[in-house]
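J.: Sharing a structure, written as structure tokens. Questions coming.
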4 protein chains.
Amino acid sequence: MTQMNSSRPLRFVTLLGSLRRNSYHYAVARSLAELAPEGVTIDALGSVADIPHYDADVQAEAFPPAVLEMAERIRSADGVIIVTPEYNYSVPGALKNALDWLSRTTPAPFAGKPVAIQTASPGAIGGARAQYHLRQVMVFLDGDVLNKPEIMIGNVSSKIDAEAQKITDESTKALIAQQLAALAAMARR
Amino acid sequence: MTQMNSSRPLRFVTLLGSLRRNSYHYAVARSLAELAPEGVTIDALGSVADIPHYDADVQAEAFPPAVLEMAERIRSADGVIIVTPEYNYSVPGALKNALDWLSRTTPAPFAGKPVAIQTASPGAIGGARAQYHLRQVMVFLDGDVLNKPEIMIGNVSSKIDAEAQKITDESTKALIAQQLAALAAMARR
Amino acid sequence: MTQMNSSRPLRFVTLLGSLRRNSYHYAVARSLAELAPEGVTIDALGSVADIPHYDADVQAEAFPPAVLEMAERIRSADGVIIVTPEYNYSVPGALKNALDWLSRTTPAPFAGKPVAIQTASPGAIGGARAQYHLRQVMVFLDGDVLNKPEIMIGNVSSKIDAEAQKITDESTKALIAQQLAALAAMARR
Amino acid sequence: MTQMNSSRPLRFVTLLGSLRRNSYHYAVARSLAELAPEGVTIDALGSVADIPHYDADVQAEAFPPAVLEMAERIRSADGVIIVTPEYNYSVPGALKNALDWLSRTTPAPFAGKPVAIQTASPGAIGGARAQYHLRQVMVFLDGDVLNKPEIMIGNVSSKIDAEAQKITDESTKALIAQQLAALAAMARR
């Protein structure tokens, strides 16, 4: 690994799993840029809300433009950060639906792509259950999902100010910064 | 268990995980009525295509009518049969999205409800991976998911005639009939 | 359900997933008797430590006596409570090994048997990851695993006094009592 | 990546999940050397049979020598190939137990280590369910598990001659060769 390589500028994109305005997850996604290591920029992908339900008959006609654009932006990014709530012990349907469409595009947008997962929930468990389902999905999508550190923000209302759209808990911020640094190291490998 | 109870007429409903017309899964769902034991009728729920992406802000205004109707039909049914493809090693997003909405309605439509799962796929594994994710979701929804027999129809093109919308493989039909009988026994318990 | 039925005396057995003396999990298992509803007695199964590694060649000769005894005690019980740590995001090997042996005995000891799961861990997540793996195992073993309430005791050192072998946290005790009542209701169904 | 790097000799080790002599899985593990790409040697780790049940009290005294030796051999290898049956829809207890011990040794033997998984089973599904549990375990162990190709050998009796201890199915051999090449590429990255 050369010096040049280790300081290569990186562009990550965020994929948000919830639709509501001013969600905790949106606050997390918005906070990533300032927690990222030097040389890393972070942009938001389009909303999963804009992607219709996957339907093979629709695909046979044409891919929705929002799918093609999201796929292209993932392909050209150096890594993807999925920030999502857990719904019913698994991945939100709307997020999974976006992945279902993306998986049909070629070249496979997630293949070999560094991926980090961040979940948050009101309860103690912080969305852990959704993370392992998402990891199983990523095996098929051939994403390169970071092992550690895992970001599972439990008791989210005490750590994030949704109105101000800010993470208030310092140890949560530190752990996220650590994950972003690990993702950058993976992307520069 | 009294004689009356064991012959009580039952109404099951099917929840279909794919949107395309004339899918293998639709063929399976349509075939259930003729494979059901005596005294069991089987009707289709509305399409998951008609349920918008879950959005807490939308929910705060009003539940979509398609959600409320589906929830009510599940509540009044004696059991639910989920027939679905596996997408990307998990539950199709559109199906999961319907469950995400349904989970917010009260009383909880799946609570204590007998549930059977049927998957089918082109490959050998028959959708098994989606089934265990769905089972984990059902823990939260408090559904009473039948353990056995599991219906995972692999190599589906050799067992189902999608054009004729018929199951052609006799052992698949026999196994489905066995599952429906087990679901009826569970519902009459 | 008759009055007689609803007050039928029940015998539950506990299956402990850890071997160390005076573990938090042993403290939980020992506390169950006093948290159980009236009419329910709770006894410990033998230790998973006494069951050798599963080996089909050994099975072909003879089942280890400890396996046969554990299987018989499960068969004659009204329900099983599995109390276990999570090791490496899954079920402890020694516990899984006991289940591997038990699954080979006939009649299937867990078939139709009410089962409750209790995990505890030093971290926030309380062993949740092990629970869903155990639930998947129980699909094959045909156990009837209680959905709710789930007992995942996080930050265990603040809730259990391992030296005194007592649960000190009142809300943990209340939740366990609630689970045992739910398991009793399931067993009397 | 330099030419030198791409031809660097590699040593992989196999970790076998079953204990019986002449199992299908042993046949697979023995066949790997001849299916490996040039420059790759493959050796067997010790048997999981020689590792006692994990017990924190035993660990407090001393690690069993078989654990320390296995850990050291993993650390010094370029990759690990886990060849295992699926028991009861999950990882065999004896294999998981070995991982439970290994996880307590330092430095973490699997951290950053390329890992490939191979399962085989009599049924159609080929052990897929065990693979995803193993992958979840590997998140904690920080192993770098290869995504593709996945080796799940279904209907194993038609593809492997257990008596001759040989894989007879050519497409199975080809897929395994492809996986070993992918693991080598990952190890040389």
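The values are calculated or read from the model by the stated rules, or taken from the named source; none is laboratory data. Since the model is a prediction, treat every value here as computed from it, not as a measurement. Virtual Cβ from ideal backbone geometry, glycine too; neighbours counted across all protein chains shown. Keep in mind that these areas ignore ligands, DNA and RNA; they rest on the heavy atoms of the full protein, side chains included. Shrake-Rupley method; radii C 1.70, N 1.55, O 1.52, S 1.80 Å.
J.: How big is the charge dipole of region B:7-52 about its Cα centre, in debye rounded to the nearest 20, if each Lys and Arg gets +1 on its Cβ and each Asp and Glu gets -1 on its Cβ?
T.: Its charge dipole is roughly 80 debye.
J.: Among residues other than A:ILE153 whose Cβ falls under 12 Å from its Cβ, what is the net charge (Lys/Arg +1, Asp/Glu -1)?
T.: Here the count lands on -1.
J.: Something else about it: Nothing charged except the Cβ atoms of Lys and Arg (+1) and of Asp and Glu (-1): what's the magnitude of the dipole of region A:72-122 about its Cα centre? Round to the nearest 20 debye.
T.: That gives region A:72-122 a dipole magnitude of about 120 debye.
J.: Under a straight-distance cross-link criterion of Cα-Cα below 27 Å, which lysines are reachable from B:LYS173, leaving out those fewer than 8 residues away in the same chain?
T.: Filter leaves B:LYS96, B:LYS113, B:LYS148, B:LYS159.
J.: Restricting to bridges with both residues inside chain B, how much of the DSSP beta-bridge set is antiparallel, in percent to the nearest 5?
T.: 15 percent
J.: For region D:1-71, calculate the relative contact order in percent as a whole number, restricting contacts to Cα pairs under 8 Å that are 6 or more residues apart.
T.: Answer for region D:1-71 is 33 percent.
J.: Chain pair B, A: how much accessible area is buried, both chains summed, with a 1.4 Å probe, in Å² to 100?
T.: It comes to approximately 2800 Å² buried between B and A.
J.: For D:VAL115, what residues show an amide H to amide H distance below 5 Å, using hydrogens built from the backbone and excluding near sequence neighbours?
T.: Close amide H contacts, sequence-distant or interchain: D:VAL80, D:ASP144, D:VAL145, D:LEU146.
J.: DSSP loop trypsin sites (Lys or Arg not before Pro) in region A:1-75 with at most 12 other Cβ atoms within 10 Å of their Cβ, which ones?
T.: For trypsin sites (Lys or Arg not before Pro) across region A:1-75 that sit outside H, G, I, E and B with at most 12 neighbouring Cβ atoms in 10 Å, the list reads A:ARG21.
J.: Still on this structure, please answer the following. Please identify, among B:GLN179, B:GLN118, B:GLN59, the residue showing maximal mean-square fluctuation in a Gaussian network model of chain B using a 10 angstrom Cα cutoff.
T.: B:GLN59
J.: Where nothing but the Cβ of Lys and Arg (+1) and of Asp and Glu (-1) is charged, how large is the charge dipole of region A:8-131 around its Cα centre, in debye to the nearest 20?
T.: The calculated dipole for region A:8-131 is roughly 320 debye.
J.: Let me ask something else. With labels modelled as points extended 7 Å from the Cα through the Cβ direction, what inter-label distance (nm, one decimal) is found for A:GLU34 paired with D:GLU34?
T.: Going by the 7 Å Cα→Cβ label model, 6.4 nm.
J.: Further question: Along the Cα-to-Cβ line of C:SER7, 7 Å from the Cα, sits a label point; which residues in region C:170-189 have backbone N less than 17 Å from it?
T.: Answer for region C:170-189: C:185, C:188-189.
J.: If the viscosity is 0.890 mPa s and the temperature 25 °C, what translational diffusion coefficient in µm²/s does Stokes-Einstein give for the protein assembly as shown when Rh comes from Kirkwood over Cα pairs?
T.: This corresponds to a translational diffusion coefficient of 91 µm²/s.
J.: Which listed residue (C:LEU183, C:SER157, C:ALA120) has the Cα farthest towards the positive end of the charge dipole for region C:103-189, taking +1 on Lys and Arg C-beta and -1 on Asp and Glu C-beta about the Cα centre?
T.: C:LEU183
J.: Quick query: amide H of D:VAL40 versus all other amide H atoms, modeled in the peptide plane; which residues come in under 5 Å with a sequence gap of 5 or more or a different chain?
T.: For D:VAL40, the qualifying residues are D:LEU10.
J.: As a test, work out the antiparallel percent of DSSP beta bridges whose residues both lie in region C:81-189, rounded to the nearest 5.
T.: Taking every DSSP beta bridge within region C:81-189, about 25 percent pair in antiparallel fashion.
J.: So, with a 1.4 angstrom probe, what is the percent of accessible area on chain A that is carbon and sulfur?
T.: Here it works out to 51 percent.
J.: Of the DSSP beta bridges with both residues in the protein assembly as shown, give the percent that are antiparallel, rounding to the nearest 5.
T.: Of the beta bridges lying entirely in the protein assembly as shown, close to 15 percent run antiparallel.
J.: For chain A, what's the relative contact order in percent, using C-alpha pairs closer than 8 Å and at least 6 residues apart?
T.: 26 percent
J.: Relative to the compact globular guide of 2.2 N^0.38 Å, what is the alpha carbon radius of gyration of region A:1-133, as a ratio?
T.: Against the compact-globule rule of thumb, the ratio is 1.10.
J.: Using just the helices of chain D, give the 222 nm mean residue ellipticity in deg cm²/dmol: DSSP H runs with n ≥ 4 each add -39,500 (n - 2.57), and the total is spread over all residues, rounded to 500.
T.: Result for chain D: -12000 deg cm²/dmol, rounded to the nearest 500.
J.: I've got another one for you. Would you please give the FRET efficiency between B:ARG75 and B:ALA181, computed as 1/(1 + (r/R0)^6) with r the Cβ-Cβ distance and R0 = 22 Å, to the nearest 0.05?
T.: Between B:ARG75 and B:ALA181 the formula returns 0.40.
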